[in-house]
Amino acid sequence: MSAQNPPPLTLIDQFNRKINYLRLSITDRCDFRCVYCMSEDMKFLPRDEVLSLEESARIIRIFASLGVTKVRITGGEPLVRKNISWLFHEISTIQPLKEIVITTNGSQLAQHAHMLKMSQVKRINISLDSLDPVLFKKITRTGDLNKVMLGIDEAIKEGFSNLKLNTVLMKGINDHEAIDLVNFALHKKMGISFIEEMPLGDIDHKRKDTFVSNNEVLKKLQVHFNLIPTTFSSGGPAKYWQIANQSTKIGFISPHSHNFCDTCNRVRVSSKGELFLCLGQEEKIELMPLLRQYPDEDWPIQKAIIESMTIKPEAHDFNLDTTKPAVVRFMSHTGG
Ligand code: SAM
Ligand code: SF4
């Protein structure tokens, strides 16, 4: 009788959701200080508390062995990490990963677009909250819009066909730019997603004062564009609309107006190696000590990840009506 192969390892949580998507923050550092993401005097982790690039690659390899097929590299700003090309090259060799994607602020994209293309990166999400250089600087506190524009053009030149903008609109700050940003995406043949501001981390403004609901944004856009609802799904929480006769899709990520948790397929690992089971909850397990205790043995780490499925919560718990953030950690810590 021939020996049977053991069944492949998979990650299924207590609500029967299959987890096949990992978002890995490879640094909490960033060259911007976006007002909705960070406080002005943001403190970053000491370097020895951050996963090394080798540890980051190992984590991805371990998740791939557990059935994860998609990985998003994020941060902080992933492209400010030293030797980032080594990591992307390494990830491109991991089987059976099907999709490598990245979220970036675009400031260093012009230098790295070619490397990302060579590393089989499938999609790039670029954050862009304003087309006005002065307002862009005000929102990012340090950013140079021109560099982001160069990055977008370089990525287009490299042949990335499915670029997407991520935009956070804030009332009285940049919400008047929704239509212009969609027109920009149309002009560049990119997609665009509007993300509702989430209460992650203590920042310098009251989020309730700047909150713009995606329902409002949609209504505003419908006056200007012929928007058709689609059933398209990128496997994430966004609901997509299409502009008639155009390829551009407009996504709405609305943790406040719509709860998207029932189809959640993802977990996040922070730059400190914490495995967060939900962006909007505190449940986590620490992977860094295990990685360092078992440098040559993956099973203890695989086992911890499989066991973590029992504490993945059913839903996030965002509420803007309190003075405290829903979750004390910043998006840049967990990885957006
Ligand atoms: N630095 C990269 C960037 O900006 O694209 C990657 C990391 S950033 C944390 C990922 C995404 O999270 C960005 O699109 C950003 O706009 C979004 N983000 C950050 N803080 C947020 C918050 N409090 N609410 C909603 N989106 C947020
Ligand atoms: Fe940096 Fe991205 Fe946060 Fe802006 S949103 S401060 S670019 S990590």
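A compact table of results
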read-out	value
Accessible area of the chain belonging to carbon and sulfur atoms, whole % at 1.4 Å probe	52 percent
Segment 43-126: C-alpha gyration tensor shape, a/c 1.5 cut-off, then a/b vs b/c	oblate
Global geometry of segment 119-278, whether rounded, prolate or oblate, following the gyration tensor of its Cα atoms and the 1.5 cut on a/c	rounded
By average C-beta atoms within 10 angstrom, highest first, the peptides 244-253, 293-302, 43-52	244-253, 43-52, 293-302
Entries of Lys189/Lys239; Lys157/Lys249; Lys98/Lys220; Lys206/Lys303 with Cα pairs more than 30 Å apart	Lys98/Lys220; Lys206/Lys303
Charge sum, other residues only, whose C-beta stays under 15 Å from Arg33's C-beta, Lys/Arg counted +1 and Asp/Glu -1	-4
Mean Cβ neighbour count within 10 Å, used as a protection proxy, ranking 87-94, 72-79 highest first	72-79, 87-94
Ratio of the Cα radius of gyration of the chain to 2.2 N^0.38 Å, where N counts its residues	0.98
Label-reachable residues, segment 105-135, where backbone N falls under 18 Å from a point 7 Å from Thr230's Cα toward its Cβ	122-126
Only Lys, Arg (+1) and Asp, Glu (-1) charged, at Cβ; the chain dipole about Cα centre in debye	700 debye
Where the chain is the region considered: accessible area per residue in Å², 1.4 Å probe	46 Å²
Extension gain, Lys122 back to Glu282 (0.36 nm per residue minus Cα-Cα distance, nm)	54.5 nm
From phi via Karplus (6.51, -1.76, 1.60), per-residue ³J(HN,Hα) for segment 15-28 in Hz, x at Gly/Pro	9, 6, 8, 8, 9, 10, 9, 10, 10, 10, 8, 9, 6, 8
Unit charges at the beta carbon, dipole of segment 21-334: most positive-side option, Asn162, Asn265, Asn214	Asn162
Unsatisfied cross-links (Cα-Cα over 29 Å) in the set Lys138/Lys284; Lys82/Lys117; Lys43/Lys219	Lys138/Lys284; Lys43/Lys219
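The values are calculated or read from the model by the stated rules, or taken from the named source; none is laboratory data. Bear in mind that the values here come from a model prediction, so they are computed numbers and not experimental data. Note that each Cβ is placed from the backbone with ideal geometry, even for glycine, and that neighbours are counted across all protein chains shown. SASA here: full protein model, heavy atoms, side chains in, ligands and nucleic acids out. Shrake-Rupley method; radii C 1.70, N 1.55, O 1.52, S 1.80 Å.
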